[in-house]
Amino acid sequence: MPHTPRQRPHASPHTRRFGRLAAALVAVCAVGGALPPPAGHAATATTAATAAGPDTGSPRYATNPGGRFGAAAPITVDGSAGDWSPGLVVAQGVANDDARIFRGSHEGPVHDLYALSAAWDDATLYLMWQYTNVTDVADPAQDYPQTGNGKPYAVDLPVSIALDADPAAGSDGVVGAGPDGVWGLRDAFPNAEVDHLANFSTVPGRGTPALFSLNDEGAFDHDPAHHTTFDEAGIAYAYGDELTVDEVWGIPDTGNAGYRPADLADADRYADLLDAGHDPAHDTVYEIGIPLQALGLTRQTLQDRGLGVMVLATFGQSAIESLPHDPTVLDHALEPYGPDASTSHEKEDHDAFTVPFARVGAPTP
C-alpha cells in the first residue's frame, strides 16, 4: 500500500531580500549530457533504529534497518513519493545533522539527508532520498533557509551516488594521482568498493549528468569512453516538495547555542520535530531510475548478489552529508570555511568514506 505522509498545517514562509525562490515546486527530468563541474568547483518513513556500526555517531542512524534490502515495486520517477512505502528504506539518517547547522545555520540551501529507499523492477533500479529542513524548529530566527533558498534545488550543486554493482571490482574513487575524484569532488572510498558513480546537479537540466564506470586500470577518469550521459543511459531523475515519513527525529538545536556533532550520540536529546512544530513544506524528495543494464546487472543478479549504494550531498567541492551516514562528513564541521568563516569547513575538506554501503536486493556476498 502507498504510504500516506502525515500532514501538518502549512506555515507562511519568511522572506529575505537575498537569494532566489525556486520557480517550480516539482521538476521532472530525464536529462542528458560528463558535465564539467558547476562554477565554483575546485578543479575542483519511520524505521527501526538498528545501528549501522559503532562509529556512525547516533543511536538513530541505521543501515538496512530491520534487515531490509528494498523490494521489487512499481515506481514512477515523477517527483512524487506516493508509490514508496516505509519498508523500502535502506538507510536511515536523522534530521538536523548536516554540517551547516553546527556553524552556519543562516545558510541555504539545506542538504540534510534523512532517509534513502530502494526498489527495482525487471529493468530499473530506483532510489529515493528524503531531505529535511528543520530550521523552523532548530533555529527559527534564521529566516533565509526557511524560504525557497533552503530548498536543495535552489542552487546548482552536485550530488553523487556511489554504487557497488560488481563485488569483484572497485576503486577508491580518486582520479589519476588525486587527491580529488570525478568532477573534482573531494571524496574518496578507501575500501575500494565503488565501481559506478552517478553524478548530477540538484537542478535538473543543468550541465551534463553522467554515469561513470571504471577504466581498464580499475579507476575512474574523465575519458568519454568511461562514462555515459544520463540521456544515453536512459537515467531519469525528479524532485518534489514532500515529506514521506510520519516522524522526523533530530536534535532541535544549533551550533550557535553549543550544539556539536558529538551530541548526536546522546539518545536523550532527540525529539520528533514534527511534534515540535516542523512544517513539512520545507522538505524535499528526489527520485532516480537507473537502468540495470547500465550497471551490468539483471533483475536476477540484483536479487541474488545485491548492490551497494551511498548518496552524497555536496556544497560544490566536498560532501556535507551522506546516507548511510559516515562520520567523515562532520569531522571538520566546527572549523571555519576558508572564504566565509561563518560557515563550515566541511564544504571544502577531503572526505574518506569507510562505513558500509546500504545494500539493495541482497546482503554483501
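Quick notes
- Check on SER344, under 30 Å from ALA168 (Cβ atoms), of a type in the set (Ser, Thr, Tyr) and in contact with a Phe, Trp or Tyr (Cβ under 9 Å, 6 or more places away or on another chain): no
- Listing of strands (runs of 3 or more DSSP E) fully contained in the range 251-365 that carry 1 or more residues being open to solvent by 10 Å² or more (accessible area, probe 1.4 Å), modelled with pLDDT of 95 or more and of a type outside the set (Val, Ile, Thr): 284-291, 340-344, 358-360
- The listed residue being open to solvent by 10 Å² or more (accessible area, probe 1.4 Å) and modelled with pLDDT under 95, out of GLY178, GLY234: GLY178
- Residue match in the range 255-262 (condition: in contact with a Gly (Cβ under 6 Å, 6 or more places away or on another chain) and of a type in the set (D, E, K, R)): no
- Some residue of the range 211-219 being of a type in the set (Phe, Trp, Tyr), touching a Phe, Trp or Tyr at 6+ places or on another chain (Cβ under 8 Å), modelled with pLDDT of 95 or more and under 30 Å from SER85 (Cβ atoms): no
- Between ALA99, ALA119, ALA123, ALA115, the distinction of being small (Gly, Ala, Ser), under 22 Å from ASP272 (Cβ atoms) and in contact with a strand residue (DSSP E or B) (Cβ under 7 Å, 6 or more places away or on another chain) belongs to ALA115 only.
- Yes/no for VAL110 being under 23 Å from ASN64 (Cβ atoms) and either part of a strand (DSSP E or B) or at pLDDT 95 or above (or both): no
- Of all residue pairs spaced 6 or more apart or on separate chains, those with beta-carbon atoms under 9 Å, a first member in the range 329-346 that is within 13 Å of ARG260 (Cα to Cα) and a second member that is open to solvent by less than 50 Å² (accessible area, probe 1.4 Å) and among the basic types (Lys, Arg) are ALA333/ARG100; SER344/ARG100.
- Complete set of residues in the range 62-107 that are part of a loop (DSSP other than H, G, I, E, B), β-branched (Val, Ile, Thr) and under 28 Å from THR254 (Cα atoms): VAL94
- So GLY234, is it among the small types (Gly, Ala, Ser) and farther than 23 Å from GLN293 by Cβ: no
The values are calculated or read from the model by the stated rules, or taken from the named source; none is laboratory data. This is a predicted model, so every value here is computed, not measured. For neighbour counting, all protein chains shown are included, and Cβ atoms are generated from backbone atoms with ideal geometry for every residue, glycine included. Ligands, DNA and RNA are excluded from the accessible area calculation, which covers all protein heavy atoms including side chains. Shrake-Rupley method; radii C 1.70, N 1.55, O 1.52, S 1.80 Å.
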